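Here the structure comes first, spelled out in structure tokens, and everything after it is commentary.
The values are calculated or read from the model by the stated rules, or taken from the named source; none is laboratory data. What you are looking at is a predicted structure, and each value in this text was computed from that prediction instead of being measured. Heavy atoms of the whole protein, side chains included, go into the accessibility calculation; ligands, DNA and RNA do not. Shrake-Rupley method; radii C 1.70, N 1.55, O 1.52, S 1.80 Å.
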Amino acid sequence: MQAMTEREELRKLKGLVQVDDAYLGGELSGGKPGRGSENKQAMLIAVEIGTDNDHPIHMIAEPLPGFTNEAVAD
């Protein structure tokens, strides 16, 4: 995992980039469902779209402590 992190650290997305939020994680028995669940990790996903606007070229996924203005700005 560390090798992948170091290799991708220098990659910069260019051109058309789409950004969205996501939560990664499964169901937790007896836990809170949906957004805000203690079993889910907030992620910010950025995808570079090809010049034909048809398919993704590169993607970056960053874990966040939560979807606050400060966390997203960092």
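Structure notes:
- Surface composition of the chain: carbon plus sulfur atoms hold 53% of the accessible area, using a 1.4 angstrom probe and ignoring ligands, DNA and RNA.
- Database remark: amide H of residue 58 closer than 5 angstrom to the amide H of 48 (H placed geometrically; neighbours at sequence offset of 5 or more, or on other chains; Pro and chain starts carry no H).
- Based on protein heavy atoms only, the chain ends up with 81 Å² per residue of surface accessible to a 1.4 Å probe.
- Overall form of the chain per C-alpha gyration tensor (a/c, 1.5; a/b vs b/c): prolate
- Each helix, a run of at least 4 DSSP H residues, gives -39500 (n - 2.57); summed and divided by the residues of the chain, these come to -3500 deg cm²/dmol at 222 nm.
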